[in-house]
Every structure is written in C-alpha cells, then in structure tokens.
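K.L.:
One structure follows; several queries about it will come next.
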Amino acid sequence: MDGEDSSEVMSEVHVGCPPHSSGPHISCFTISLPPGTIKSCWLLLVAQLTSSFFLVILILIYLEVEPSRYNELFEAEAAASVREVLTLDDDGDLVLPRRSKQSTRCFNVTIQHNITSLIPSVGLQVWKAELVLADFVMHKMCTSSDFNGIISLELGAGTGLAGILLSRVAWTVFLTDHGNYILDNCAKNVQLNSGVFSHQGSVHVRDLNWMNPWPPIFSLGNSSASQERYSWNSSELKEVQRASVLLAADVIYSDDLTDALFHTLKRLMPLGSKKVLVNMVLYLALEKRYNFSLNDLDVVANGYSHFRSYIMGEGEHRRFERESFPAFVGKCIDLNEFPQYVREYDRGNDVELWQIKRSENES
C-alpha cells in the first residue's frame, strides 16, 4: 500500500495542461447550454414574446422544461439576446433576422487544481466523474426546481466543482474532504467563483474523515488556526440532519475508503429513526478502473466490484456479504438522459452515475 501511496497519478482531464508542473494550476471550465437545450429555450422565449399563453403551455408540456430555471441561470445573456434578435414589425409579426454569429449560453467556472498528485492527494485534481456529476447537477438546475433551497453535503469534494455549481440554487452546501492541502484548495475555488453566482445561501468547506465516526467532534476553540477554519460547529451538525441531497464523485478507488464511505453513509442516512427529518439521496459518479488480476487471470475492475457489493440494484434480491452493514438500494442513471454542459472533456464509456438510497428491507 505504501508503494501505491507514493505513486504519482494524473487525471486525463488534465491532458494538454503544461507538463512538469507540480504546483497549482488554474483552469476555466465553460458551462454552456447544449444545442438542444438552447433551441428549447428559444422556443419558450418566442412563445412568451408573442404573448401566446396556450403556446407556452404546449411547449412546456412537450419539453418538460421550466423556463424560470433557464432564465435564472443564464438570465443576463438571455435578456440581451431577446433584445438584439427578437423584434416585431409594424403589423405585430415576429421578425427573426439572420444572426451574425452562433448564440452562446455559457459562463466560466475557475478551478485551481494540481496537474499531478500522489494518490492520497488525488482530491487536488479534477477527475472525469466530477465533470459528469457537474453535468447532472446543471441539468437538474436547468430543468427542475428539485434542488431549490436544499441543504446538501458533498463527500470527498476535492476541488468542489459540483458543489459550487449546486450552490447557485441550494440553501446551504457543505463541501467536505480531508487534509489541509485539499481543504485549502477547495476553499480557494469557492473564493475564485464567489462572483459567478448570486448566492442566496451559504457554502462551507469542512473537514470530514470517513475513518472517524460521524458526527465529528465540533470545535471548542482548542484547535490550531487551520483546524479551526474547517471544523464543524453544533448548529452546522444540526443543519446536516436536514440535508436531502448528498453528492460524491470519483471516491471509489480504494477498498478501505469504500468501506469507510459506506460506514459514514450508514450514520448520515439512518433508517427508521424518528430524528430523520428528510429522506436523503446520494448521487455518486465513479469511473471504473481496470487492472490485471493474478487471481482472476483477467483484466477486472475490483474496486467497482467492491462498491457494487454494498448496492442492491432495483429489482435485485440478493444477500449481502457484510450483514453488519446496512443495505443500500441503487439505480444506475443512463448518462444519455442528460446532455453535456461542461465543454472540456469526453465522457468515455467507463463513467457511471448512481442514485443511492437506504433500503427499507435490510438483511
């Protein structure tokens, strides 16, 4: 294990970044409405401009889109586009002049990250699964109000990209990870993007070591300055009890950490307790990593298999190997159900997104 911890790794997201750079690097990720979504929003704007209430309703039913979500997230450019492009002639008919350039609906998120790191510090990098989770979060924000006003906790937040995006509509987002370097970098990214969104709620960067029991011991003022900065207080721990959405991306790569993650989830998502105020759901994005196994004499994804041993798929009725741990029910979300909002990556074929809840029938 020590040999693995001393190995330097690099996310394929960083291919093309300056080589031989060991320190922090700044990347700008472009978040944009995919072409199909842009067309949908234009239809809605046209219908609104022509004051056709019936047409608006028909389009909404057909598209299953909430225009208010689009307007809130991209309102400045949407308003400018309507003023510049949509006009009425003397008879009140709509005039659509030819556009000189293709419309863009986008904004940038600035992320500080390392290009390479040792395995214990992989949270300093941006990984493909995090970008898939960011796509999913953006799609939920653009097409529904499910995330409006929620309290959310991101586990193993790393650079914090997905949680920073979610903070646009959430009431409170806790970005959690472990290690001062990772937490400092995550806090820096919150600072770098403080002007991108009109925050209605708050974002907290907090230390959460899955190897320690939950809830963590909150600060009593006896810690060092760095520890104090990322420590929990009693009111925050109470607020987490009302969290409805958990996020995690690329946290499945070590069996020990996977065990610790599900042990933490057991405490975070208690079953059948009168103290539970809401039912939590976890959205977890992961990338399958294959290695040659001497035991199997084949290329296998053992880390993924270990993760799946904790999850009962919908419709499955199998006995869990670890009866001391709770059963979780999961559904693998089809990535084709939501488009790509983050421009700078290729999803590939090995990334999965899971919706995970506590099972009502534990073994």
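The values are calculated or read from the model by the stated rules, or taken from the named source; none is laboratory data. Just so it is clear, the structure is predicted and the values come from calculations on it, not from any experiment. Counting neighbours? That spans all protein chains shown, and the Cβs are built from the backbone with ideal geometry, glycine included. Surface accessibility is based on the protein's heavy atoms, side chains included, excluding ligands, DNA and RNA. Shrake-Rupley method; radii C 1.70, N 1.55, O 1.52, S 1.80 Å.
K.L.:
Phe218 - would you say it is modelled with pLDDT under 90 and either within 14 Å of Leu247 (Cβ to Cβ) or open to solvent by 60 Å² or more (accessible area, probe 1.4 Å) (or both)?
P.N.:
Answer is yes for this residue.
K.L.:
Looking only at the stretch 122-142, decide whether some residue is open to solvent by less than 20 Å² (accessible area, probe 1.4 Å), within 22 Å of Ser235 (Cβ to Cβ) and touching a helix residue (DSSP H, G or I) at 6+ places or on another chain (Cβ under 7 Å).
P.N.:
There is no residue in the stretch 122-142 that is open to solvent by less than 20 Å² (accessible area, probe 1.4 Å), within 22 Å of Ser235 (Cβ to Cβ) and touching a helix residue (DSSP H, G or I) at 6+ places or on another chain (Cβ under 7 Å).
K.L.:
Still on this structure: Given the conditions (1) of a type in the set (Phe, Trp, Tyr); (2) surrounded by fewer than 23 Cβ atoms within 10 Å (Cβ to Cβ); (3) within 14 Å of the chain's Cα centre (by Cα), and given that Phe174 satisfies all but one, which numbered condition is not satisfied?
P.N.:
For Phe174, the exception is condition (2).
K.L.:
Same structure again: Restricting the first residue to the stretch 180-191 and requiring it to be hydroxyl-bearing (Ser, Thr, Tyr), which pairs with a second residue that is open to solvent by 10 Å² or more (accessible area, probe 1.4 Å) meet a Cβ separation below 8 Å and a spacing of at least six or different chains?
P.N.:
Tyr181/Ser121; Tyr181/Leu124
K.L.:
Right, next: With respect to the numbered conditions (1) at pLDDT 90 or above; (2) surrounded by 18 or more Cβ atoms within 10 Å (Cβ to Cβ), which one is the sole condition not fulfilled by Asn209?
P.N.:
Among (1) at pLDDT 90 or above; (2) surrounded by 18 or more Cβ atoms within 10 Å (Cβ to Cβ), Asn209 violates only (2).
K.L.:
Out of everything in the stretch 143-165 that is touching a strand residue (DSSP E or B) at 6+ places or on another chain (Cβ under 9 Å) and of a type in the set (Gly, Ala, Ser), what residue ends up being surrounded by the fewest Cβ atoms within 10 Å (Cβ to Cβ)?
P.N.:
Gly156
K.L.:
When the stretch 143-168 is examined, which residues are found to be more than 22 Å from Tyr345 (Cα to Cα), in contact with a helix residue (DSSP H, G or I) (Cβ under 9 Å, 6 or more places away or on another chain) and in a loop (DSSP other than H, G, I, E, B)?
P.N.:
Ser144, Ser145, Asp146, Phe147, Asn148, Ile150, Ser167, Arg168
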